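Only one structure is covered here, and it is reproduced in the block below.
The values are calculated or read from the model by the stated rules, or taken from the named source; none is laboratory data. Everything numeric in this text was worked out from a predicted model, so none of it was measured. So basically every Cβ, Gly included, is an ideal-geometry build from the backbone, and we count neighbours across all protein chains shown.
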C-alpha cells in the first residue's frame with residue numbers, strides 16, 4: 001500500500017494508515033534522517049487518542065502512550081542502539097510479544113530481533129516536499 005501526503009494532509013494520512021493496519025501490531029519505519037518518521041508516528045498516536053506530548057523517544061529509546069481505548073502504544077527509536085543485545089537488555093522482546101501496538105524507528109539497527117510478522121514501512125521525502133509511505 002502507498003500513501004502520498006503533505007504536512008497539511010498528515011492527519012488524514014495517519015487515519016488512512018490506521019484503517020489499513022488491520023490486526024498487525026508491529027511496524028518498523030525506515031527512512032532517511034528527517035524523512036518524517038517521528039512526525040508520522042506522532043500523528044498516528046494522536047489519531048489513536050494518545051496525549052499530544054508524544055514525540056521521538058530518542059533519549060529514552062521507548063515511550064509508552066495510552067490510546068483512547070486504554071491500550072498502550074509503544075514508540076521506539078533505536079537510533080542510539082549500538083547492538084541487538086542492547087535492545088534485548090532493554091526488554092524489547094517483551095514489548096514485541098505483548099500484543100500491543102509497537103511503532104519503531106531505526107529498527108534496522110536491532111538486526112534479526114524483529115518478529116517475522118513485523119510490517120516494514122518505508123517513508124521518504126519527494127522532490128516537492130511531500131512524503132511517501134509504502135508498506
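All but one of (1) modelled with pLDDT of 95 or more; (2) assigned to a strand (DSSP E or B); (3) surrounded by 15 or more Cβ atoms within 10 Å (Cβ to Cβ) hold for residue 4, so report the exception by its number.
Every listed condition holds for residue 4 apart from (3).
What number of residues in the range 103-130 are buried (at least 19 other Cβ atoms within 10 Å of the Cβ), in contact with a strand residue (DSSP E or B) (Cβ under 7 Å, 6 or more places away or on another chain) and more than 16 Å from residue 43 (Cα to Cα)?
3
Being in contact with a strand residue (DSSP E or B) (Cβ under 9 Å, 6 or more places away or on another chain), surrounded by fewer than 16 Cβ atoms within 10 Å (Cβ to Cβ) and either assigned to a helix (DSSP H, G or I) or touching a residue at least 40 places away in the same chain (Cβ under 8 Å) (or both) is the filter here; which residues of the range 82-102 pass it?
Result: 100, single match.
Restricting attention to the range 53-76, does a residue exist that is modelled with pLDDT under 95, within 16 Å of residue 114 (Cβ to Cβ) and touching a strand residue (DSSP E or B) at 6+ places or on another chain (Cβ under 7 Å)?
yes
Can you name every residue in the range 118-135 that is within 24 Å of residue 49 (Cβ to Cβ) and in a loop (DSSP other than H, G, I, E, B)?
118, 135, listed by residue number.
With respect to the numbered conditions (1) part of a loop (DSSP other than H, G, I, E, B); (2) in contact with a strand residue (DSSP E or B) (Cβ under 9 Å, 6 or more places away or on another chain); (3) in contact (Cβ under 8 Å) with a residue 24 or more places away in the chain, which one is the sole condition not fulfilled by residue 79?
All conditions are met except number (1).
Okay, residues lined up against (1) in a loop (DSSP other than H, G, I, E, B); (2) under 23 Å from residue 92 (Cβ atoms):
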{"position": "9", "(1), (2)": "no, no"}
{"position": "14", "(1), (2)": "no, no"}
{"position": "19", "(1), (2)": "no, no"}
{"position": "23", "(1), (2)": "yes, yes"}
{"position": "29", "(1), (2)": "no, yes"}
{"position": "35", "(1), (2)": "yes, yes"}
